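Asks: Please find one structure pasted underneath; my questions will follow.
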Amino acid sequence: MSKNSLSAVYVMPPQNTNPRVCVLVINWNGKEHLRRCLASLLHQDYTAYDVWVLDNASTDGSADMVRNEFSNVLVLPNEKNLGFTGAGNIGISRAREQNYDYIVVLANDVVLDPRCLSGAVAAAQAEPTAGMIGFHMIGIFSYAPFEEFENASDGQAGVGGGVEALEEGA
C-alpha cells in the first residue's frame, strides 16, 4: 500500500452505557450565537459530555464571554482564524488523544434540542458500523421551540427522518 493510500479502520463501539462525548464548538466572532449555543448545551438530558470552544482568534470578546459565563466550558484559542475545518481538525485530534468515545462538531450558531446528544449517542450505538451520525436541522434561523417542529421528525430529537415531512408541509 502506498503512503498516500486511504484505508478505513473499524472501531468497536464503546460497551459502557454512558459513553464520553466531546462537543467541539467552532467560533469566530460569533459571541451572541455562541452564547445561545452554549446555553442549549447546558440543558442536555445526556450528562457524560464536555464542551470545548475552539476560538479562531475572535476580536469580539467571545473567549472572555465563555470564560466568564460558562466556567465548565474549555476555551481552546487559536492564534489566527483557521476556518471551520482547521479548528475542527485540531479539536478532533485533541479529543481523540483524550479517548472520548464520540466527538460532536458544531458551528457556533447551532441551538440544540435538550434530547439531541442522547439521541445521537443512541443512534451511534444502534449503528456500530456507522462512521458518522448527522443531526437533523429544523427551525433554521428561527430559534423556535423544538415542539413546533416535532411533527416533522420521527421523535428522535433530530436523529433521522423528517425532511420529507417538512417539504410536504406536514
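The values are calculated or read from the model by the stated rules, or taken from the named source; none is laboratory data. Small disclaimer: the values here were computed from a predicted structure and weren't measured. Positions of Cβ are generated from backbone atoms using ideal geometry, with glycine treated the same way; all protein chains shown enter the neighbour counts. Accessible surface areas use protein heavy atoms only, side chains included; no ligands, DNA or RNA. Shrake-Rupley method; radii C 1.70, N 1.55, O 1.52, S 1.80 Å.
Asks: Please list 3J(HN,Hα) in residue order for region 51-60, calculated via the Karplus relation 6.51 cos²θ - 1.76 cosθ + 1.60 where θ = phi - 60°; whole Hz, with x for glycine and proline.
Replies: After applying 6.51 cos²θ - 1.76 cosθ + 1.60, I find 10, 10, 9, 9, 9, 8, 6, 4, 10, 9 Hz.
Asks: Beta carbons within 10 angstrom, averaged per residue: use that to sort the peptides 73-79, 25-31, highest first.
Replies: Descending mean neighbour count gives 25-31, 73-79.
Asks: Amide H neighbours of Leu106 under 5 Å, counting only residues 5+ apart in sequence or on other chains, H built in-plane at 1.01 Å?
Replies: Under 5 Å from the amide H of Leu106 lie the amide H atoms of Leu24, Val25, Ile26, each far enough along the sequence or on another chain.
Asks: A further question follows. With every protein chain present, what accessible area does Arg20 have (1.4 Å probe, heavy atoms only), rounded to the nearest 10 Å²?
Replies: 90
Asks: Calculate one ³J(HN,Hα) per residue across region 19-29 by plugging θ = phi - 60° into the Karplus curve 6.51 cos²θ - 1.76 cosθ + 1.60, and present them in order as whole Hz with x for glycine and proline.
Replies: Values, residue by residue: x, 7, 10, 10, 9, 9, 10, 8, 9, 8, 6 Hz.
Asks: Sticking with this structure for a sec: Using a cut-off of 10 Å between beta-carbons, work out the net charge of the residues near Ala57 (Lys and Arg +1, Asp and Glu -1, Ala57 not included).
Replies: Here the count lands on -1.
Asks: So how much accessible area does Asp45 have, in Å² to the nearest 10, using a 1.4 Å probe?
Replies: Estimated to the nearest 10 Å², Asp45 gives 90 Å².
Asks: Which residues' amide hydrogens lie under 5 Å from the amide hydrogen of Val75, considering only partners 5 or more residues apart or on another chain, with H built in the peptide plane?
Replies: Counting only residues 5 or more places away or on other chains, the set is Val53.
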